[in-house]
Structure formats: structure tokens, C-alpha cells
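Okay, so here's the structure we're looking at.
The values are calculated or read from the model by the stated rules, or taken from the named source; none is laboratory data. None of these values were measured; they are calculated from a predicted model. No Cβ is skipped: glycine too gets one built from the backbone with ideal geometry, and neighbour counts run over all protein chains shown. Just so you know, the surface numbers come from the protein's heavy atoms only, side chains and all, with ligands and any DNA or RNA stripped out. Shrake-Rupley method; radii C 1.70, N 1.55, O 1.52, S 1.80 Å.
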Amino acid sequence: IDIRYASNNNFIGKRINGYSSSTAIGTKELALALQEVQNDLEHFGYGMKIFDAYRPQKAVNHFSRWSTNDDVLMKDAFYPNIKKRDLFKEGYLASKSGHSRGSTIDLTIINIQNKQELDMGTSYDFFGIESSYNYSGLTNKQKSNRLLLFSVMKKYGFKPLKNEWWHFILENEPFPDTYFNFNVE
């Protein structure tokens, strides 16, 4: 795991409210589905790296407050071609996140031997058209890597977010109308 919001390595550049630990939390249903994904990926010599799972509502509120201030510390790395104030309007951030329901996951595929991430064409949380599944400027290998992630996640009951290759929601999530707000500890 690499829970970016518990560190300074994220689009804000500071630890996000509600993340006091680099722990991935999710519903039992999420964990069971991810175990199936992991088992399938192992056949290729691959595994998963989780960037985010459950996200407290206070973290979402932190994103919202940040979007209205003048801080652009991480703009070049995470949203070089989008105005910060437009991140919500463009669908990269939401005032109510599926992550707060406990059955949404941000992840990538890694090589099990060397723990290196497969090349997906952009980094995690890169807010731009380049991160969408239908982006045409990818190499064949990047397209293939994204397709593998998409296919294995879909196979085990996840639906993707079209503009973020790393973002998946469990289709039969157990708490579809609940937004939790406890800390990640």
C-alpha cells in the first residue's frame, strides 16, 4: 500500500485531514473482491498497490476548502492543465465521495518481483485527460496495462470511473447511501 493522503505526496502536498495512518480500510465485500483480483493477477506475476480506499468525509471537506484557496504547490505534478477551482466541476473531486462509503478503491498493478508499478501513462491522481480510459495518446504497452487493470477489476465486480484509470467502485457496495467520517488509523 501507498496511502498518499497520509503523507505529503499528494495533489495538495500535505497530509489530508482524517488520515493519521497509512492504512487501507474497506468493507468486507471490498476486501473479498480485492482478494480475487490479487489471486488473478498473481498468474501474470503481478500484484496490486493500493493508493486509497476508505476516505473520511472530513478529508473530502479538506479537498473542498483547499480548492478555494491560493495554494498551488503541487499543480505542476498533479493538475498542470486544469485550474484548481475546476477540479470539482471537471469530476476529479467530489463533495460526496464514493470512497467515504468504504467500497471504492484507488489502485494500480505492480510486478510482484520488483514491486515496480506498471506504466499506466500517468501517475496516480494526475488530473487531466491523459488519465481517462479513452485517452488516445498512450503507447500500446500503456493501453495494454490499463486494459489489464480494467478487465480484472470488472471481472470481480468493480466499475471504473472513466476519467481516472486507478478508480474503481464495487458494484454491489453494502453502504450505497452512507458516508462515513471516522479517521483512518
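Classify region 7-48 as rounded, prolate or oblate from the Cα gyration tensor: take a ≥ b ≥ c as the square roots of its eigenvalues, call it rounded if a/c is under 1.5, otherwise prolate when a/b beats b/c and oblate if not. Oblate, since a/c reaches 1.5 and b/c is not below a/b. Cross-link reach is defined here as a Cα-Cα straight distance under 14 Å, omitting same-chain residues fewer than 8 places apart; for LYS84 the aspartates and glutamates meeting it are ASP70, ASP71, ASP76, ASP125. For region 154-177 versus region 1-68, the inter-centroid distance based on Cα atoms is 14 Å.
If I compute semi-axes √(5λ) of the Cα gyration tensor in Å from the structure I just sent, which labelled value in (1) 24, 21, 15; (2) 40, 27, 14; (3) 33, 26, 18 lines up? Only one option fits the structure, namely (1). Shown are GLU36, GLU185, GLU130, whose ranking by accessible area with a 1.4 Å probe and every protein chain present, most to least, is GLU185, GLU36, GLU130.
State the percentage of accessible surface on the chain attributable to carbon and sulfur atoms; use a 1.4 Å probe and exclude ligands, DNA and RNA.
Reported share for carbon and sulfur atoms: 49 percent.
Pairs exceeding 26 Å between alpha-carbon atoms, taken from LYS49/LYS141; LYS28/LYS96; LYS83/LYS115; LYS75/LYS96; LYS14/LYS143; LYS28/LYS89: LYS83/LYS115; LYS14/LYS143; LYS28/LYS89.
Probing with 1.4 Å while keeping every protein chain in the model, the per residue accessible area of the chain equals 49 Å². Taking 0.36 nm per residue of separation and subtracting the current Cα-Cα distance, fully stretching the chain between ASN61 and ASP86 would add 7.4 nm. Loop-located trypsin sites (Lys or Arg not before Pro) in region 29-102 (DSSP state other than H, G, I, E, B) with a sparse environment of at most 11 neighbouring Cβ atoms within 10 Å: LYS89, LYS96.
Checking every one of the chymotrypsin sites (Phe, Trp or Tyr not before Pro) in region 86-169 against DSSP loop status and a limit of 16 other Cβ atoms within 10 Å picks out PHE88, TYR133.
Annotation note: chymotrypsin sites (Phe, Trp or Tyr not before Pro) in region 40-72 located in DSSP loop regions with a Cβ neighbour count of at most 16 within 10 Å are PHE44. Net length available on complete extension from ASN8 to THR23 is 3.9 nm, with 0.36 nm assigned per residue and the Cα-Cα distance removed.
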